1. Please give me the summed charge of the neighbours of G674: other residues whose Cβ is under 12 Å from its Cβ, Lys and Arg +1, Asp and Glu -1.
2. By accessible area of protein heavy atoms, probe 1.4 Å, what ranking do H121, H157, H445 get, highest first?
3. Restricting to bridges with both residues inside the chain, how much of the DSSP beta-bridge set is antiparallel, in percent to the nearest 5?
4. Taking amide hydrogens as modeled 1.01 Å from N in the peptide plane, which residues meet the under 5 Å criterion relative to R499, leaving out close sequence neighbours?
5. Could you report region 511-595's accessible area per residue, 1.4 Å probe, as an integer in Å²?
6. Students often check this: by mean Cβ neighbours within 10 Å, which of 65-75, 415-425 ranks highest, and how do the rest follow?
7. Over region 631-757, how many percent of alpha carbon pairs lie in each 5 Å bin up to the one with the longest distance?
8. Can you tally the net charge around P449? Count Lys and Arg as +1, Asp and Glu as -1, for every other residue whose Cβ sits under 10 Å from the Cβ of P449.
Amino acid sequence: MMRIADCKHAGRDRWMKRGALLLSCVLAGFVQAQSALAQSDTATAPYLDPQQPVDVRVNDLLKRMTLKEKVGQLNLPCAYVDALGMTNAEKMAAARKFAAGTFTNEIGPGAGFFTLADTLHLNNLPEQVRFFNELQTIATTQTGLKIPLLEDEEGTHGAMFAGATVFPEGLSIGSSFDMPLAHDIYAAAAQEARSTGIHMLSTLVLETDRDPRLGRNMEGYSEDPYLDSRIAENIVRGAQGDNVDAPDKVAAMMTDFPTQSEPASGMERGAIELSERYIRENFLPPWIAAFKAGALGVMAGYPDVEGVPEHASEKWNTQILRDELGFKGIVDSEGDGFSTLIYEHVVPSQKEAGALALKAGVDVDITDEPAYMGPLIENVNEGKVPESLIDRAARRVLELKFRLGLFEHPFADVAEAERVVHSAEHRQLALQAAREGIVLLKNDHGLLPLKKDIASIAVIGPDANDGWAQLGDYTPHAVPQKLVTVLDGIRNAVSPRTRIDYVKGCDVIGGDANFAAAVEAARKANVAVVVVGERPNNDGVGDAPATDGEAFDVASLDLTGHQEELVRAIQATGTRVILVLINGRPLSIPWEAEHIPAIVEAWEPGESGGQAVADVLFGDYNPSGRLAITIPRSSGQLPAYYNYKPGKEYWMEKAWSHNGGYSDMPASPLYPFGYGLSYTDFKYGNLRIAPEQLSVTGSAEVSVDVTNTGSRTGVETVQLYLHERYTPVAVPVKSLKGFARVELNPGESKSVTMKLSSDDLQLLDTNLQWTVVPGTFDVMVGKSSQEVMLTGSFNVNPASGASAR
């Protein structure tokens with residue numbers, strides 16, 4: 001039975017609830033009226049006035065936006081997610097609704113799309129451009145605020161859409177040591193992308209390759225932070241230029257902060273069990289270089305860093321990335337990145353994950369996760385997330401759109417796209433990049449280059465006639481252009497009288513071993529070109545299984561499947577063998593290095609890679625590539641990078657084992673960082689260092705004379721390494737601090753000068769601050785990290801009034 005007092009309270013509660021409901025309706029009507037009023041005068045709104053400063057435009061626009069509209073700008077979904085449909089027609093219909101803000105009532109019109117161009121597989125370029133323009137028309141005419149869309153696409157080694165030029169993958173670019181070339185590759189990719197209606201290129205990998213077992217490391221450029229830094233700044237300058245709103249420029253989305261390339265066990269998404277010192281010394285320098293060049297995008301990493309999933313790390317995404325390093329752009333999630341907080345058992349659901357990630361500093365969701373949709377609005381309404389954090393993220397997205405000039409120029413031009421995409425100029429650039437990235441590892445008795453009128457060649461191996469194997473990860477699903485394989489390149493290079501016998505021999509992985517036809521072809525040939533290695537992940541394109549690429553990690557760096565057995569069988573015929581490697585990671589090939597007379601490392605050389613390989617094999621191009629990553633004898637040596645600390649050097653020299661480090665093999669690499677042969681020879685001399693005494697803020701120049709002592713024109717990459725003696729913290733035995741490519745005719749000499757700034761002399765002190773410590777610096781100039789030709793030193797003196805160590 002209810003008491004009288006209880007009845008009174010119940011009646012009061014009903015009236016309070018009715019009043020709250022009435023107040024809620026009034027407030028909702030007020031918000032709707034304000035929104036209608038805000039949207040009614042958009043024609044003269046300051047945010048649509050290109051003469052106004054960006055911050056004025058953003059402030060004006062934010063004031064006009066509802067919470068749903070703001071959250072809509074935090075969503076840039078990957079078009080391949082099933083939520084947008086399964087077929088092209090379904091996805092295109094969903095994209096139209098998403099642009100209009102009618103796809104879901106949870107949020108307003110979306111920010112744009114991620115990898116829409118590649119997902120739709122529109123092989124007809126005009127059709128692709130027209131569809132992007134249609135979506136922009138919807139966004140700018142059928143929504144109240146007329147906010148244009150941001151189109152983002154993968155751009156690891158060329159824009160990822162059908163018909164775009166496919167440039168060589170990361171380690172090929174790194175091994176060129178050619179910074180103008182890196183600039184031009186990403187400028188070309190940006191030009192192709194922007195001409196079709198794409199405004200940002202993503203997965204531009206700044207992660208130093210420290211563990212090649214990780215499949216994603218194929219997307220990176222080098223194990224060395226200095227070389228990576230030079231590449232990073234050239235990627236940004238090439239893609240963004242001085243004015244990112246130019247019709248041939250895009251925003252650069254750098255991947256993945258702060259790193260995921262040295263994870264536990266070398267496995268995808270493994271925890272980064274590294275000290276902050278190690279991360280700062282080896283992984284942050286490329287990011288710093290990119291931010292100084294103006295990079296506008298960062299993608300958050302998958303792993304936990306220092307025990308915290310990166311998507312939830314306010315330390316890395318805000319305190320270090322923005323407050324310390326000065327980054328000003330947007331931070332994207334990784335694909336399904338918010339789920340990392342769930343499977344790491346930090347939070348139970350997407351709702352809590354979204355709250356943590358937004359606070360940490362992740363601005364945009366790229367995979368239609370609930371974290372940044374209805375549940376985020378619930379968090380705001382429930383007082384769990386302040387709307388100011390929504391404003392902060394939306395502001396960054398809108399700032400980028402204004403900086404890209406999208407409010408004034410949202411549309412692409414079909415004629416320009418047809419002129420630019422896969423142009424003759426870009427095809428030639430792809431070929432040149434492939435040539436420059438090839439590293440000649442071995443050439444006993446001058447076996448290479450081959451004569452074009454050779455009587456017969458056996459071309460053998462699973463990668464000899466597989467164009468997809470040359471392309472690398474993040475390649476378009478549809479590549480309509482001709483892929484020039486190694487077999488194609490050899491056929492195009494030789495005399496019509498040369499007999500070429502091609503036998504696949506085996507698969508990259510799996511399959512049966514039946515070498516009879518390959519052995520017979522080799523026995524009948526003057527020389528056998530055996531092409532083995534890896535096959536990258538191309539998301540199911542082609543018949544062969546993948547061994548390399550994102551989520552394709554390995555425990556061993558040995559050749560997979562029956563490939564080494566094939567190489568041994570061909571070598572046993574007595575025919576001279578040339579081994580060509582097509583691969584995205586360094587491969588441990590100790591038997592081949594001992595028994596095969598010529599070895600060519602081609603990496604994943606892109607759409608014209610086969611022609612580039614043939615140009616090297618037949619001497620039309622003198623190989624100039626130098627290893628941007630160490631090739632170990634075994635995965636058991638990992639980590640194998642060259643810039644290790646003195647403790648490792650001590651044990652390599654003084655270990656009780658007679659092999660120097662290991663009881664079962666030498667600790668030295670199979671091929672060291674910076675190594676590469678040429679068809680000519682180079683002599684070094686006359687090292688000069690000026691000045692030999694400098695201050696902690698001073699700079700120096702290191703000069704050396706280089707002479708081509710051979711009979712062919714060639715390019716030498718002069719490398720400058722430093723080591724400071726007696727420092728308060730251990731520093732690497734040597735660190736690359738300069739390099740220069742110099743082309744020399746036979747008998748020609750040139751003086752090469754490399755400049756050292758105070759930044760190049762810094763170490764990370766005991767307080768994790770970069771500083772120049774006075775002392776003596778050893779200078780090593782040579783052909784690789786191991787082949788040092790000349791040495792010298794200079795001194796950095798204490799500042800006036802400071803005491804020396």
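1. Details: positive: R626, K734, K783; negative: E223, D224, E716, E787.
Every neighbour counted, the sum reads -1.
2. Working: H121 85, H157 5, H445 190 Å².
If we order H121, H157, H445 from most to least accessible, we get H445, H121, H157.
3. Working: 49 of 93 bridges.
Taking every DSSP beta bridge within the chain, about 55 percent pair in antiparallel fashion.
4. So R499 has HN proximity to S456, I457.
5. Numbers: 3190 Å² over 85 residues.
Heavy-atom SASA per residue in region 511-595 reads 38 Å².
6. Values: 65-75: 23.7, 415-425: 15.9.
Taking the mean over residues of other Cβ atoms within 10 Å, the ranking is 65-75, 415-425.
7. 2, 9, 14, 16, 15, 15, 13, 11, 5, 0
8. Working: positive: K451, K452, R712; negative: D615, D620.
Taking every other residue near P449 into account, the sum is +1.
The values are calculated or read from the model by the stated rules, or taken from the named source; none is laboratory data. Just so you know, these numbers come straight off a predicted model, no measurement behind them. Neighbour counts run over all protein chains shown; Cβ positions are idealised from the backbone, glycine included. For the accessible areas, the whole protein counts, side chains as well, though only heavy atoms, and no ligand, DNA or RNA atoms are used. Shrake-Rupley method; radii C 1.70, N 1.55, O 1.52, S 1.80 Å.
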